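Below you'll find the structure, written out as structure tokens, and then a few comments.
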Amino acid sequence: MTDTQWLLIAILAVGAYSIRFVGLVCGQIVSQNAGLNKFLGDLPGCLIVALIASSLSDANALTWVAAALALIVAVISNNVVATMGLGFVSMFTLKFIFV
Amino acid sequence: MKYGFICILPLAAGAGAYGFAFGVLAAQLDFPWWGIALMSASVHAGSSQIVAVEQFASEGFIVGAALAGLALNLRYIGIIASLNPILRVIPLPQRLLAIHITGDENWALTFAKRAQDKSVGAPFLMGSGLTMLLVWTISTATGALIGKSIPDLTEYGLGFAFTAAFIAMARAMWRGLQDAMPWIVTFMVTIGLIKFSVDNAFAILMGSISGVALTAFAHHFKGHRKND
């Protein structure tokens, strides 16, 4: 492995861990403030919705249809594996039919 | 910990397929398999690794490649901060390990399970996180070793399996109508920012902060109305 490859891995490792450490410190600071602490409880839900939004933002119509189907499965089943499996199958089927 | 290990397996299988594809890509860019394994174990950030390696190959500029990769990881400030109620009850060394092995999948699954069972906490997060780290490291190294002879599963819609899993986890985290407005705001702001060419990592962070800020504003407004 070249020196530059070693350096890239080192910078990425230190940088990635530093970001996580900042998150840990931020969480502790926020939790010590009673006014802000209750909003930590709202953060996970909003973050996961943002992750979904980012993965759909540039998606085509088929992906949005598959996402709607996955949402229906999720609402009915409330099961991660079933939604993941049926989501993948619906995406695969839609691609097979329309692409 | 064992419960976390078992529950994360379907998601780990999906991540393994992605890791495999990344290993193939990185090997084509002259990274040795053990170098990829070292990167996966020490960085443990799939999207950051993919972007950084691609940028490094096309631009050859280390700092630019590393920054492009790390920018994608900024959402972890919010993700790790949100874990505070779970992490504050464990000793510091375990906390420092837990933040390294936390990824999108085991973080979201921990909160989804915790919404149904309050006893789910740090052991679940760490069990599922260790599984993800192990699977990611092994799959990327395997991809680099033998990957070229196997088809790219992402072309068959594998990426959508993660979106579907996140939809299911959001469903599990749903607490009722109180979540509707912050979630709609988060969704719209995130998509709007990305449409205006804001980097995905910043859009995720800003979108979720907008949702949380709206909740704060609504609470504040309700409090004022009660006082009136």
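So which residue, out of A:Ala61, A:Ala16, A:Ala74, gets the largest mean-square fluctuation from a GNM of chain A using Cα contacts under 10 Å as springs?
A:Ala16
Total Lys pairs in the protein assembly as shown closer than 17 Å by alpha-carbon, pairs eight or more apart in sequence or interchain only?
4
So who's got an amide H within less than 5 Å of the one on B:Gly103, skipping anything under 5 residues away but keeping other chains? H placed 1.01 Å off N, in plane.
Amide H to amide H, under 5 Å and 5 or more residues apart or across chains, B:Gly103 pairs with nothing.
Determine the residues within the stretch A:64-85 where the difference in accessible area between the chain on its own and the full set of protein chains amounts to at least 50 Å²; count protein heavy atoms only and use a 1.4 Å probe.
Buried on complex formation: A:Asn78, A:Val80, A:Met84.
Calculate, for the stretch B:175-228, the solvent-accessible area per residue in square angstrom, rolling a 1.4 angstrom probe over the heavy atoms of the protein chains.
For the stretch B:175-228, the per-residue accessible area is 66 Å².
Please express the shape of chain B as an equivalent ellipsoid: the semi-axes are the square roots of 5 times the eigenvalues of the C-alpha gyration tensor, given largest first in whole angstrom.
33, 22, 16
Could you calculate the FRET efficiency of B:Lys195 with B:Phe221 from 1/(1 + (r/R0)^6), where r is the beta carbon distance between them and R0 is 25 Å, rounded to 0.05?
Efficiency, rounded to the nearest 0.05: 0.30.
Is there a simple number for the mean count of other chain Cβ atoms within 10 Å of the Cβ of residues in B:60-67, and what is it?
4
Would you mind calculating the relative contact order of chain B from Cα pairs under 8 angstrom and at least 6 residues apart, reporting the percent as a whole number?
Relative contact order, chain B: 32 percent.
Would you be so kind as to identify which of B:Thr140, B:Thr110, B:Gly14 lies farthest towards the positive end of the dipole of chain B, taking Lys and Arg as +1 and Asp and Glu as -1 on Cβ and the Cα centre as origin?
The residue sitting farthest along the positive end of the dipole is B:Thr110.
Under a point-charge model restricted to the Cβ atoms of Lys and Arg (+1) and Asp and Glu (-1), what is the dipole moment magnitude of the stretch B:175-228 relative to its Cα centre, in debye to the nearest 20?
Roughly 200 debye, rounded to the nearest 20.
With charges set only on the Cβ (+1 for Lys and Arg, -1 for Asp and Glu), what does the dipole of the protein assembly as shown come to about its Cα centre, in debye to the nearest 20?
Here the size comes out at about 1180 debye.
Heavy atoms of the protein only, probe of 1.4 Å, neighbouring chains included. What is the accessible area of B:Trp136 in Å², nearest 10?
That residue has around 20 Å² of solvent-accessible surface.
Which order do the peptides B:92-102, B:123-133 take when ranked by the mean count of other beta-carbon atoms within 10 Å per residue, highest first?
Packing proxy ranking, top to bottom: B:123-133, B:92-102.
Once neighbouring chains are kept in place and the probe is 1.4 Å, which whole percent of the accessible area of the stretch B:2-174 is contributed by carbon and sulfur?
Carbon with sulfur: 67 percent of the solvent-accessible area.
Given the options B:Ala108, B:Ala180, B:Ala170, state which has the largest fluctuation in a GNM of chain B using a 10 Å cut-off (strictly under) for Cα springs.
B:Ala180
Hydropathy at least 1.0 by Kyte-Doolittle, axial extent at least 30 angstrom from the Cα trace: which helices of chain A, defined as entire DSSP H runs, fit?
Within chain A the helices that satisfy the rule are A:3-31.
Once you put a point 7 Å from the Cα of A:Phe98 and another 7 Å from the Cα of B:Ile146, both along the Cβ direction, what distance in nm separates them?
3.7
If you take each beta carbon of peptide A:53-62 and count the beta carbons of other chains within 10 angstrom, what is the mean?
For this peptide, the per-residue mean of nearby foreign Cβ atoms is 6.
Mind ranking B:Val89, B:Val53, A:Val73 by accessible surface for me, highest first, 1.4 Å probe?
Largest accessible area first, the residues go B:Val89, A:Val73, B:Val53.
For chain A, set up a Gaussian network in which alpha carbons nearer than 10 Å are linked by springs, and say which option among A:Phe39, A:Phe88, A:Phe21 fluctuates the most.
A:Phe21
Roughly how big is the B-A contact, given as buried accessible area in Å² (both sides, 1.4 Å probe, nearest 100)?
6500
Under a plain spin-label model, where a point goes 7 Å from the Cα along Cα-to-Cβ, how far apart in nm are A:Phe21 and A:Trp6?
Result for the modelled spin labels: 2.2 nm.
Keeping all protein chains in place, calculate the accessible area per residue for chain A (probe 1.4 angstrom), answer in Å².
I get 49 Å² per residue for this part.
The values are calculated or read from the model by the stated rules, or taken from the named source; none is laboratory data. This structure is a prediction, so every number in the text was calculated from the model and none was measured. Note that each Cβ is placed from the backbone with ideal geometry, even for glycine, and that neighbours are counted across all protein chains shown. Side chains are part of the model used for accessible areas, which takes the heavy atoms of the whole protein and leaves out ligands, DNA and RNA. Shrake-Rupley method; radii C 1.70, N 1.55, O 1.52, S 1.80 Å.
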